[in-house]
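Q: My questions will all concern the structure given below.
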Amino acid sequence: MIVSGSGIVALAGAAVVAQLLTARSAPWIGAGVGSIALAAGMVLIVFAAARDSSAAYLTGSILAGAGFGAAFLGGLRALTAAIPHQHRAAVMSAFYVAAYTSLSLPAVLAGLVVTHVALPTTFEIFGSVVAAIALIVAFEACAAAPPDRLLPSR
């Protein structure tokens, strides 16, 4: 129980630190690199659950938290830069509804799935889906980057 709580604290703390460290970077960098870290952290957490490794769980929690923090802030900054001022309140409201839905809906779905398959299988499925979505977001963030920022200058 203590390890589970420590993982949650580590995840949240790492998210805060990552947001402080990436606040001045380009939004696509925060979203892209953060999403890769989130995917890697989720894979590590799933691995930790399968192997019953507290160290891997805490490490994965820190990596996933840092990735989530950077990706969330990068996405939010990219969105706010693109919203016309007269639509900012409506778009930000919709953004937060989508954000909270993306956090709560998987938990509800996992609760339904776990009644049909074992808990470890459910955890592996949902962890893999989160990691895959994070990698798609990372790819899209890099695709949104200015072309001159992706290639090394001569």
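The values are calculated or read from the model by the stated rules, or taken from the named source; none is laboratory data. Not measured: the values here are computed from a predicted model. In this analysis, Cβ positions are derived from the backbone assuming ideal geometry, glycine residues included, and neighbour counts consider all displayed protein chains. Protein only, heavy atoms only, side chains kept; ligands, DNA and RNA dropped before computing areas. Shrake-Rupley method; radii C 1.70, N 1.55, O 1.52, S 1.80 Å.
Q: Assign unit charges at the C-beta atoms only (+1 for Lys and Arg, -1 for Asp and Glu), then state the dipole size of the chain relative to its Cα centre in Debye, rounded to the nearest 20. Present the calculation step by step, with values, prior to reporting the outcome.
A: Details: 6 positive and 4 negative charges, 84 e Å.
Its charge dipole is roughly 400 debye.
Q: For the stretch 34-75 and the stretch 78-151, what is the separation of their C-alpha centers, rounded to whole Å?
A: The distance from the Cα centre of the stretch 34-75 to that of the stretch 78-151 comes to 15 Å.
Q: Spelling out what I want: for every residue of the stretch 35-49, take phi, set θ = phi - 60°, compute 6.51 cos²θ - 1.76 cosθ + 1.60 (Karplus), and round to whole Hz; glycine and proline get x.
A: 5, 5, 5, 4, 4, 5, x, 5, 4, 5, 5, 5, 4, 4, 5
Q: Still on this model: Over the alpha carbons of the stretch 61-143, what is the largest minus smallest coordinate on each principal axis, giving the biggest first in Å?
A: 48, 25, 22
Q: Each residue of the stretch 5-18 in order: what ³J(HN,Hα) in whole Hz does its phi give by Karplus 6.51 cos²θ - 1.76 cosθ + 1.60, θ = phi - 60°, with x for Gly and Pro?
A: x, 5, x, 5, 5, 4, 4, 5, x, 5, 4, 5, 4, 4
Q: In Å, what is the Rg of the alpha-carbon atoms in the stretch 1-61, and how long is Dmax?
A: Cα only, the stretch 1-61: 12.8, 38 Å (Rg, Dmax).
Q: Give the accessible surface of the chain per residue, rounded to a whole number of Å², with probe radius 1.4 Å and ligands, DNA and RNA excluded. Please list the in-between numbers first.
A: Working: 9730 Å² over 154 residues.
Averaged over the residues of the chain, the accessible area is 63 Å².
Q: Right, here's the next one. Calculate one ³J(HN,Hα) per residue across the stretch 129-144 by plugging θ = phi - 60° into the Karplus curve 6.51 cos²θ - 1.76 cosθ + 1.60, and present them in order as whole Hz with x for glycine and proline.
A: 5, 4, 4, 5, 4, 4, 5, 5, 4, 4, 4, 5, 5, 5, 5, 7
Q: Out of the total accessible area of the stretch 40-103 (probe 1.4 Å, heavy atoms of protein only), what percent is carbon and sulfur? Intermediate values should be presented prior to the final figure.
A: Values: 2530 of 3590 Å².
Carbon-and-sulfur percentage of accessible area, whole number: 70.
Q: Okay, moving on. Kindly give Rg over Rh for the chain, based on alpha-carbon atoms, with the Kirkwood expression for the hydrodynamic radius. Don't skip to the answer; put the middle values down first.
A: Numbers: Rg = 16.8 Å, Rh = 16.5 Å.
With Rg and the Kirkwood Rh in hand, the quotient comes to 1.02.
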